[in-house]
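The values are calculated or read from the model by the stated rules, or taken from the named source; none is laboratory data. What you see is a predicted model, and the numbers here were worked out from it, not measured in a lab. Cβ placement follows ideal geometry from the backbone for every residue including glycine, while neighbour counts extend to all protein chains displayed. When the accessible area is computed, the model is the full protein with side chains, heavy atoms only, and any ligands, DNA or RNA have been set aside. Shrake-Rupley method; radii C 1.70, N 1.55, O 1.52, S 1.80 Å.
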Amino acid sequence: MGRTNIIGIHGLANKPPRDEKAAWWRAAIREGLDRNRGLRVAEDGLPFTFVYWADLRYPQPLSGDRNREPYRPDHGLGPFPSPAGEPDRAEPTLADRIYRGLSHLQEAAGVTPVDDLILEYRLDDLWGYYEDAAFRAAARARLRDALAAAAADRVLIAAHSMGGLIAYDVLRAAEAGGTPMPRCELVTLGAPLGLAELKLKLADEHGDLRVPAALTAWTNLMDRRDIATVGDDLAALYAPNAAGVRVRDVPVINAYRRPDGAENRHKSYGYLRTPEFSRVLAAFLDAAG
């Protein structure tokens, strides 16, 4: 079966330097496994590759006081919060339901004014991804190279935010081009793949919306209060692949807070520490023996 490899790819906005960001992802993953599953994983015991693309768009990484949202350990006890204990948190919010109606109207009309506002002012890098072909190609190449290096491995891709879009594009493009890909699992974390404008662009490039052929599982984790995840659940939008693999939508509670106490329901560290992500990752690692 080869080695086990977790490939992480980050999402929107500028980031700290690559090594620092990768170390913080590792720390958040290990903290979640410890708190949620009672699994103590040594710092060098996590088979992890980090795909970093912020340098393709930002000339200088965030550092020092410029980074308002660093990783900090949560010093609580026991598992992190989950909708399993708060069922109402698993239900679509009012904003979610309103957007679903608007989304269907936008798609029917072929114009997406609501999404244009979200992408330009809240999810700016997504706007840039489609406006700048060189950036788009370079970001995809980073993940494609990581997957090629893991060709003999069992792979789990953990893709946060726009990283989920990049992962989908890379896997579907490889499928269309006949490029070999490792059989892998995908976990999307706060991915904006339900936005009407992105669905239209994905359909233009790849044809029908469906689970990429290389995937043996796709788990989509979303906090219902994360603006990036508004819209229909992905299982309703992305058809199964030929092997019958479907998207499994799983609501979570992203409990990340900045040092000043403000919450950010979209933050990667919060998603990586959820009980639901820890459960998927623990099963993946356990299957490797």
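Values as computed for the structure displayed
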quantity: Every pair of residues 6+ apart whose Cβ atoms lie under 7 Å, when the first sits in region 196-210 and is over 15 Å from L234 (Cβ atoms) while the second is surrounded by 15 or more Cβ atoms within 10 Å (Cβ to Cβ) and hydrophobic (A, V, I, L, M, F, W, C); calculated: E197/L119
quantity: Flag for D34 being more than 27 Å from P192 (Cβ to Cβ) and either open to solvent by 40 Å² or more (accessible area, probe 1.4 Å) or out of contact with any strand residue (DSSP E or B) (no Cβ under 9 Å at 6 or more places or on another chain) (or both); calculated: yes
quantity: Any hit, region 246-268, residues being under 27 Å from R40 (Cβ atoms), assigned to a loop (DSSP other than H, G, I, E, B), within 15 Å of the chain's Cα centre (by Cα) and not hydrophobic (A, V, I, L, M, F, W, C); calculated: yes
quantity: Failed criterion for P59 (all others in (1) under 22 Å from A141 (Cβ atoms); (2) within 19 Å of the chain's Cα centre (by Cα) hold); calculated: (2)
quantity: Filter result (under 23 Å from G163 (Cα atoms), touching a residue at least 12 places away in the same chain (Cβ under 8 Å) and part of a loop (DSSP other than H, G, I, E, B)) within region 34-59; calculated: L46, P47, Y52, W53, R57, Y58
quantity: Residue tally, condition open to solvent by 60 Å² or more (accessible area, probe 1.4 Å) and either closer than 18 Å to F277 by Cα or part of a loop (DSSP other than H, G, I, E, B) (or both), over region 76-89; calculated: 6
quantity: Residues of region 269-289 satisfying the condition of being outside any loop (DSSP other than H, G, I, E, B), among the hydroxyl-bearing types (S, T, Y) and within 14 Å of the chain's Cα centre (by Cα); calculated: Y269, Y271
quantity: Top-ranked residue of region 228-252 - restricted to ones that are crowded, with 18+ Cβ neighbours inside 10 Å and among the hydrophobic types (A, V, I, L, M, F, W, C), ranked as modelled with the lowest pLDDT; calculated: V230
quantity: Single residue of P92, P16, P73 found to be part of a loop (DSSP other than H, G, I, E, B), in contact (Cβ under 8 Å) with a residue 24 or more places away in the chain and touching a Pro at 6+ places or on another chain (Cβ under 7 Å); calculated: P16
quantity: Yes/no for L198 being outside any loop (DSSP other than H, G, I, E, B) and in contact with a strand residue (DSSP E or B) (Cβ under 9 Å, 6 or more places away or on another chain); calculated: no
